[in-house]
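Taking it in order: structure first as structure tokens, then the write-up.
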Amino acid sequence: MFIDKASIKVCAGDGGNGIVNFRHEKFVDRGGPDGGDGGNGGNVVMLASRNQNTLASFRYHKELEAEAGKPGDKQKKHGRRGKDLIIHVPVGTVVKTEDGEIVADFTEDQQEQIIAFGGKGGFGNAHFVSSRRQTPRVAEKGEKGEQYDFHLELKVIADVGLIGLPNAGKSTLLARVSNARPEIANYAFTTLIPNLGVVDIDKTSSLLLADVPGLIEGASEGKGLGIEFLRHVERTKVLVHLIDIYNEDVADAYKTIQAELKGYQVDLTKRPQVVVLNKIDGFDEELIEAKLKELKKVAPKGTKLFAISANSGLNVKNMLYDLKKIVDAEQIAIAEQEEKEAIPVLRLPENMNSWHIEKVDTHFVITGRKIERFAERTDFDSSHGVERLRDIMNKMGIMHQLRRMDVAPDQKIVIGKPSIGSIQY
């Protein structure tokens, strides 16, 4: 089953908790603290693979979770790290947030990216030993792993996209020039999914062709198979627009498809395009030339025009040779453009130590990346843990600012939005 859209929830592993422990061994006087640190949680990693061609595996398996880190143990034993979760996706998969922001774009085989980081393991009490604090009774909780809701979209990656009205002969052409075997029949919309085929031009070069389901007027607005498959045209370097010579008005057929390409969220008419008049078997040269002249009037200046028969193979080989030259030229242009755009952009690093205090009703709310991370690792049920958090807030200058804002004794102080935990001043 071909599925090119899916929604998933990914959960990286939580970090393991550190523990509070003291050595209790015979003949060992005052063994001291030996609580070990927790292990880090596993990451969620996406890996692009040519062996995948659909997102169907996510249709019923929508929640994906990496392994949590193990807690520390006595004798300063470190908890085991959680295993990463490897998610295999097809090449051409785009990962987006609910707001539409692109998180990852997999365009190459074996390309991988971490899309959710596991939480850090908490420190055990052995970590906090110092000359001033020889018997610490505080340990940290492991951080929560990152959790996200993502939308996946699969966009077929091909050198050439075959487009046109239904029954223009796209599938016939793909079957003629490659080993692909799309469904072919004498009715509209025989192609319900994009089909891919490799075309050998000569012994050293080839093209990857994608047969995109037939477009109709209103496709960019969702009519017919519409916008569901226009996204597969986005990735192609060159478009081959097939037009059935049996159309009474080939110019009108051409303009119909161009309007849909322009109406899509990305103006696809700017993509290099070749216009091909198909099914010319049995037509005399004068009629073929007349039809080509009609197309030449409406196509942009310099557009390559061909007249072929996908069924018999007439003129197909010559068209493929010219098509390969156009694709190669476009590949060079894309590489040069990417090189120009690859200028590094310098940005000021985010200040990890920054924080903000806001008075809300009867309490104060403190936000800031560093203080929130400390709060996540604090066991608020432990008086020693809370006392350590107070010390950290004091060192960061938060307590001083609270006093300047007239904080009252025993007034509630909430850390994080939403709340991670709270203490009394």
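Structural remarks
- The one condition from (1) part of a strand (DSSP E or B); (2) free of Cβ contacts under 8 Å to residues at least 12 places away in the same chain that Ile413 does not meet is (2).
- The set of residues in segment 349-403 being part of a loop (DSSP other than H, G, I, E, B) and touching a residue at least 24 places away in the same chain (Cβ under 8 Å) consists of Asn353, Trp355, Thr362, Arg377, Thr378, Asp379, Phe380, Ser382, Met396.
- Some residue of segment 48-59 being farther than 17 Å from Asp149 by Cα and part of a helix (DSSP H, G or I): yes
- Condition check for Lys83: assigned to a loop (DSSP other than H, G, I, E, B), surrounded by fewer than 18 Cβ atoms within 10 Å (Cβ to Cβ) and at pLDDT 90 or above: yes
- Residues in segment 365-386 that are loosely packed, with under 14 Cβ neighbours inside 10 Å and not small (Gly, Ala, Ser): Arg369, Asp381.
- Val275 more than 30 Å from Leu152 (Cα to Cα), in contact with a strand residue (DSSP E or B) (Cβ under 6 Å, 6 or more places away or on another chain) and part of a strand (DSSP E or B): yes
- Output for segment 307-329, where each listed residue is touching an Asp or Glu at 6+ places or on another chain (Cβ under 9 Å) and either at pLDDT below 90 or among the polar types (S, T, N, Q) (or both): Ser309, Asn311, Ser312
- Looking across segment 284-314, not a single residue is over 24 Å from Asp252 (Cα atoms) and without any contact (Cβ under 8 Å) to a residue 24 or more places away in the chain.
- Of residues in segment 286-305 being under 37 Å from the mean Cα position of the chain (by Cα) and in a loop (DSSP other than H, G, I, E, B), the one farthest from Ile243 (Cα to Cα): Gly302
- In segment 354-364, the qualifying residues are those that are surrounded by 11 or more Cβ atoms within 10 Å (Cβ to Cβ) and either among the aromatic types (Phe, Trp, Tyr) or at pLDDT below 90 (or both), and the one that is nearest to Val407 (Cα to Cα) is Phe364.
- For segment 57-100, the set of residues classified as of a type in the set (Gly, Ala, Ser) and more than 23 Å from Thr236 (Cα to Cα) consists of Ser57, Ala66, Ala68, Gly69, Gly72, Gly79, Gly82, listed by residue number.
- Helices (runs of 4 or more DSSP H) enclosed by segment 164-263 - at least 2 residues per element that are at pLDDT 85 or above: 170-177, 250-263
- Segment 270-285, subset surrounded by fewer than 19 Cβ atoms within 10 Å (Cβ to Cβ) and more than 35 Å from the chain's Cα centre (by Cα), residue modelled with the lowest pLDDT: Gly282
- Criterion (β-branched (Val, Ile, Thr) and under 25 Å from Gly100 (Cβ atoms)) met by exactly one of Val20, Val10: Val10
- Residue count, segment 408-421 (criterion: touching a strand residue (DSSP E or B) at 6+ places or on another chain (Cβ under 9 Å) and either crowded, with 17+ Cβ neighbours inside 10 Å or closer than 18 Å to Glu143 by Cβ (or both)): 8
- Qualifying residue in segment 90-109 (condition: touching a strand residue (DSSP E or B) at 6+ places or on another chain (Cβ under 7 Å), under 30 Å from Glu140 (Cα atoms) and either acidic (Asp, Glu) or surrounded by fewer than 17 Cβ atoms within 10 Å (Cβ to Cβ) (or both)): no
- Within this structure, Lys317 fails the test of being buried (at least 19 other Cβ atoms within 10 Å of the Cβ) and assigned to a helix (DSSP H, G or I).
The values are calculated or read from the model by the stated rules, or taken from the named source; none is laboratory data. Keep in mind it's a predicted model, so treat the numbers as computed, not measured. A quick note on method: Cβ atoms are made from the backbone with ideal geometry, for glycine too, and the neighbour counts reach across all protein chains shown.
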